[in-house]
Each structure stands twice: as structure tokens, then as C-alpha cells.
Amino acid sequence: MKPSFALSMAIPEDWTAVPIKSAAIFEVSNVDKHSHADEEPVRLCNYTDVYKNESITLDMDLMRATATEDEISKFHLEVEDVVITKDSETWDDIAVPAIVTETADDLVCGYHLAFIRSNPDALSGRYLFRAIQSRPVALQLELASTGVTRCGLPKGSIGSERIPLPPISTQLNIADYLDRETARIDKLIESKE
């Protein structure tokens, strides 16, 4: 085992630890909830959509708003994008992730959020989602946030935080396993309730 990406965690020999920006692009959205007559109608993925759900789907009750053509182009969400909370009242609500599992031409990332779009040759979006859920990666992002009464994650910090990066086949196996186990646990909870 060799030293790792955060907090002296060890990773297997065939893995690397890389800054997010080396395997993905990311954007911090400035699309607000207001509607303007001179803008295009959009479905807006908001903070609570991400905070309360692990996945973003088209059957969600997404807010209707408007955005400019440039905003739609820049902040359009694609399948396997990982959306994270960027601002919050407390640092431990920073970098709560959700993965986009369905998209449409009018689906846009909203204010107080950032999205990360992986390079599929290097990084699986499903694996990235699970990596950000992990305590070592989440803690890096939480600690990078600034502020006292309102915490915010600077854009540069998103790209510079490190994630463990196994080979793509291993990433897919990890994501598949965690998806299966999460679904199994959810089903057990549902039957118990």
C-alpha cells in the first residue's frame, strides 16, 4: 500500500490519487430561480433536489425557471454528471452529491451547486459519485469551504481535491457493487417500514 490522497489513507498499488480536475471538468452554477421573458424555459436542479436525493431524474418535481442560451449551454446536466452542494449554512452540508441518471435538453444546474463531468476514459461518473460520498473525499471538500455564517466551496478547491483513481474496470465494479448493496438496503428498509 502506498500513501494516499487524504488523511494518510492507503490505496492499492494499481490505483493513483489524482486531483479531480485531472479526470473531469467542473462548473459552479450561477443560474438563479427567477424567470425572465427574454430567456428560455428550463427545468432547474436546485439545492434541495441534490441534498435530499442520490439521483436526479426527470420524474422529479423540478422547478421551472428560465436561463439564457449561454447558461443552458454551460450548465446543462448530462447523464453521469455529479452535482454537489457548494454553499450551505454549515460546512458539513458542503459537497453532498447526487448523480444525474436522466437528462433532457432543458435540465440545468442551479445556483449554490456545482457539477462535475468526468472524462469517461479515465473516470466513471457513478464511481465519482460514490467517491465523493466517502468520508475521506467529502471531508477534503468540507475543509476547503470558507466562511463563518455561510460556508462556500471555492471553485478552485473542487478541482484540486484528490480522489482515489483505480483502473476504469475496477471503478465500474465498485459502482455496481455499491449500487446493488444500496438498493438491497433500501428495499430492506422499505419492507421494515
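Summary of values
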{"read-out": "Built amide H within the under 5 Å cut-off of residue 113, gap 5+", "value": "29, 86"}
{"read-out": "Distance in nm between pseudo-label sites at residue 25 and residue 38 (7 Å out along the Cβ direction from Cα)", "value": "2.7 nm"}
{"read-out": "When each of 86/187; 86/192; 33/74; 74/187; 33/187; 21/86 is checked by Cα-Cα distance, pairs over 27 Å", "value": "86/187; 86/192; 74/187; 33/187"}
{"read-out": "With every protein chain in place, the stretch 20-85: carbon and sulfur % of accessible area (1.4 Å)", "value": "45 percent"}
{"read-out": "Dipole moment magnitude, nearest 20 debye, the stretch 35-80 about Cα centre, only Lys, Arg, Asp, Glu C-beta charged", "value": "200 debye"}
{"read-out": "Solvent-accessible area, 1.4 Å probe, carbon plus sulfur percent, for the stretch 99-193", "value": "56 percent"}
{"read-out": "Cut-off 12 Å, label 7 Å out along Cα→Cβ of residue 150, residues of the stretch 56-87 by amide N", "value": "87"}
{"read-out": "Centre separation in Å (Cα based) which lies between the stretch 10-31 and the stretch 87-110", "value": "17 Å"}
{"read-out": "Protection proxy ranking of 50-56, 76-82, 11-17 - average other beta-carbon atoms within 10 Å, highest first", "value": "76-82, 50-56, 11-17"}
{"read-out": "Relative contact order [Cα under 8 Å, 6+ residues apart], the chain, whole percent", "value": "27 percent"}
{"read-out": "Charged-residue dipole, Cβ positions (Lys, Arg, Asp, Glu), the stretch 37-172 about Cα centre, Debye nearest 20", "value": "720 debye"}
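The values are calculated or read from the model by the stated rules, or taken from the named source; none is laboratory data. Just so we're clear, the structure is a prediction, and the values are computed from it rather than from any experiment. Reconstructed Cβ throughout: ideal geometry from the backbone, glycine too, with neighbour counts over all protein chains shown. Calculation scope for accessible area: heavy atoms of the full protein, side chains included, ligands and nucleic acids excluded. Shrake-Rupley method; radii C 1.70, N 1.55, O 1.52, S 1.80 Å.
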